[in-house]
Amino acid sequence: MKRRTFIKQSSAGLALASVGGFALQACETKQKHITILHTNDTHSQIEPFGADHHRYSNKGGIARRASMIENIRKENPNTLLLDAGDIFQGTPYFNYFGGELEFKLMSLLQYDVATLGNHDFDNSIDGLYKQLPNAKFDFVCANYDFTNTVLDGHIKPYKTFFKGGVKIGVFGLGVELRDLVNPVLYKETKYINPIEITQDISRELKEKEACDLVICLSHLGYRYQDPKIVSDIKLAAVTKDIDLIIGGHTHTFLPKPTVVKNLNDENMLVNQVGAYGINLGRIDFYFDENNRKTSSGKTIIV
């Protein structure tokens, strides 16, 4: 083969390979990957349980959780870290520091957003407000009306994020405080029906905010025998436009998310990872070039 012909053919081959490589790379980058990490009901459990603990020996600990979160973020930078409430109450750390340590450590772990649980009012609404400067992350709760309280304007109904080309909306729901918390502690805070507010908020996040992924941070509880009590499972079945409900309150240990058919007969995920920080929840969402999503989820033991 003549040298000139060989160079032409080689150049063409290299160009074709480059185009093929570019096409392959383009296909690979079309899929968007979002990772959601979550905790609930950590209850001031800062250190791991001891080796002699009757149930959770050598499990948990915020330092271990930090290492796991750091590794997952290296694997996928498009990661959100969320908490479903009851951050306070359960160990002497809360009794002594009043929530300061919990919020400072969560800030170091770079939590993105949390909702409020009933035990987060155990030092009163004023005690909660006092600790807010230590939280370098936001709180969301759509069904508590904080008008005429110190928290008015400090707790938003929802927050949106952009991660890896995906817009994510996160809103919060709290449990009925009556009969759980002394009214002296939560003062003028008013409870709003979570089903009604969810219908409004999820529609706003989908239509007005144009979110690709909608997440509810719930402290309602996973499921109850009494059908009158609103739970995550009930909420999922009677609403739409939500992709994932991250729950708390009932300390329910799920090995993987529960799939519930929503109002439109579409799949909605409900997950909860027990309590005390011994588990870390992980849900991965994958979006194709047409923004159709698939998901997988698991519970990771800390």
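The values are calculated or read from the model by the stated rules, or taken from the named source; none is laboratory data. Keep in mind it's a predicted model, so treat the numbers as computed, not measured. Every residue, glycine among them, receives a Cβ derived from its backbone with ideal geometry; neighbour counts consider all protein chains shown.
Taking each residue of the stretch 78-96 that is over 15 Å from Phe121 (Cβ atoms) and looking for partners that are in a loop (DSSP other than H, G, I, E, B) and at pLDDT below 95 with beta-carbon atoms closer than 9 Å, six or more apart or interchain, yields Asn78/Gly164; Asn78/Gly165. Scan the stretch 46-80 for residues that are part of a loop (DSSP other than H, G, I, E, B), basic (Lys, Arg) and under 15 Å from Ile300 (Cβ atoms) and report the count. Counting residues in the stretch 46-80 that are part of a loop (DSSP other than H, G, I, E, B), basic (Lys, Arg) and under 15 Å from Ile300 (Cβ atoms) gives 1. Under the condition of being crowded, with 21+ Cβ neighbours inside 10 Å and of a type in the set (Val, Ile, Thr), which residue from the stretch 253-301 is nearest to Gly172 (Cα to Cα)? The extreme case among them is Val270.
Which of the residues that make up the stretch 165-191 are outside any strand (DSSP E or B) and surrounded by 15 or more Cβ atoms within 10 Å (Cβ to Cβ)? If you could, list the steps in order and put the result at the bottom.
Step one: filter the stretch 165-191 for residues outside any strand (DSSP E or B), giving 165, 174-189.
Across the stretch 165-191, the qualifying residues are Gly174, Val175, Glu176, Leu177, Val181, Leu185, Tyr186, Lys187, Thr189.
Within the stretch 109-128, the set of residues being on the phi < 0 side of the Ramachandran plot and surrounded by fewer than 17 Cβ atoms within 10 Å (Cβ to Cβ) comprises Asp126, Gly127.
Checked against the criteria, Lys156 counts as assigned by TED's automatic domain parsing to the domain that holds Thr294, surrounded by fewer than 19 Cβ atoms within 10 Å (Cβ to Cβ), in contact (Cβ under 8 Å) with a residue 12 or more places away in the chain and over 16 Å from Gln45 (Cβ atoms).
Could you say which residue among Ile245, Ile283 is out of contact with any helix residue (DSSP H, G or I) (no Cβ under 9 Å at 6 or more places or on another chain), assigned to a strand (DSSP E or B), assigned by TED's automatic domain parsing to the domain that holds Glu209 and not aromatic (Phe, Trp, Tyr)?
Numbers: Ile245 fails: out of contact with any helix residue (DSSP H, G or I) (no Cβ under 9 Å at 6 or more places or on another chain).
Just one listed residue meets the conditions, Ile283.
A quick yes/no check of all residues on (1) more than 23 Å from Asn40 (Cα to Cα); (2) at pLDDT 95 or above; (3) among the acidic types (Asp, Glu):
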{"residue": "Thr160", "(1), (2), (3)": "no, yes, no"}
{"residue": "Gly165", "(1), (2), (3)": "yes, no, no"}
{"residue": "Gly174", "(1), (2), (3)": "no, yes, no"}
{"residue": "Thr198", "(1), (2), (3)": "no, yes, no"}
{"residue": "Lys206", "(1), (2), (3)": "yes, yes, no"}
